[in-house]
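Here the structure is laid out as structure tokens; the discussion comes afterwards.
Any read-out appearing in this document is the output of simple, stated calculations on the displayed coordinates, not a laboratory observation. In this text the structure is predicted, and so the values were computed from the model without any measurement. Cβ coordinates were reconstructed from backbone atoms using ideal geometry, including for glycine residues, and neighbour counts include every protein chain displayed.
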């Protein structure tokens, strides 16, 4: 069992960890705990629900009722307590358990949501016209729940395509990188890109991006680059780095500024 210690924040609440990797074998039960903190000055009541999800081709999460998707483990999850009451600045633990059926194979996932169910005092202000407004804000945070049966550990991300999509606006143009997870487990990676002018050697470094992909997933990552640069040919290089013990993956594309 592996727990990711990154915190998840929403207005008025902080949760750690934001991801749990149970690594339970078929027929095995495992319990892990999350810490939930009310960072606000008002009482907070949260209700727990579990849903299915996957990422679409652009990496956006799409949600479904529990048990809807083939790789769901939502119906194996139990949460205690199901409803959590937190006084201002109070922290409590929530037990999250999984009981894996005897027939389970491969990687399964779901999302635990903690949703505010009590009313809060409105946030007041004024709009652009000067009219008074009141906003009622409710908190919802999500915790990723993964189970990978023991013995699966191979990581393998690959580039499928590298395309120049041309100008996106007067100031930017886009590159499209298609990436597939051919491995056995959910994989985090850093995607780094750089453009180098073939004549002068001057380079344009693009901020690195973190990605996370489920096994079998294919995702298109759009990279924004300047639309106006010194004319000529540039060599665009993209690198996927997904940790120790794995090979860096490299894709290259010639970009022409005219």
(request) Determine the gain in length on full extension of the stretch residue 233-residue 163; use 0.36 nm per residue of separation and subtract their C-alpha separation, reporting nm with one decimal. (result) 23.7 nm
(request) Multiply the residue gap between residue 200 and residue 180 by 0.36 nm, knock off their C-alpha separation, and tell me the result in nm, one decimal place. (result) 3.8 nm
(message) Can you classify the stretch 94-189 as rounded, prolate or oblate using the Cα gyration tensor, where a ≥ b ≥ c are the square roots of its eigenvalues, rounded means a/c under 1.5, and otherwise it's prolate if a/b beats b/c and oblate if not?
(response) oblate
(message) Can you give me the distance in nm between label points at residue 208 and residue 136, each placed 7 Å from the Cα along the Cα-to-Cβ direction?
(response) 4.5
(request) Measure of size requested: the Rg and Dmax of the stretch 2-148, with Cα atoms as the atom set and Å as the unit; please supply both. (result) 17.4, 62
(request) Compute the label zone of residue 92 within the stretch 26-52: residues whose backbone N is under 11 Å from the point 7 Å along Cα-to-Cβ. (result) 36-38, 44-48
(request) Calculate, in nm to one decimal, what residue 170 and residue 31 gain on full extension: separation in residues at 0.36 nm each, minus their alpha carbon distance. (result) 44.7 nm
(request) Which order do the peptides 136-144, 201-209, 25-33 take when ranked by the mean count of other beta-carbon atoms within 10 Å per residue, highest first? (result) 136-144, 25-33, 201-209
(request) Using only alpha carbons, build the gyration tensor for the chain and give me the equivalent ellipsoid semi-axes, biggest first, whole Å. (result) 39, 29, 14
(request) Pull out a ≥ b ≥ c, the square roots of the eigenvalues of the alpha-carbon gyration tensor of the stretch 157-257, then state rounded if a/c is under 1.5, prolate if not and a/b is larger than b/c, and oblate in the remaining case. (result) prolate
(request) With a Förster radius of 41 Å, plug the Cβ-Cβ distance of residue 222 and residue 127 into 1/(1 + (r/R0)^6) and report the FRET value to the nearest 0.05. (result) 0.80
(message) Taking a virtual spin label 7 Å from the Cα of residue 247 along the C-beta vector, which residues in the stretch 177-209 bring their backbone nitrogen under 14 Å of it?
(response) 182-183
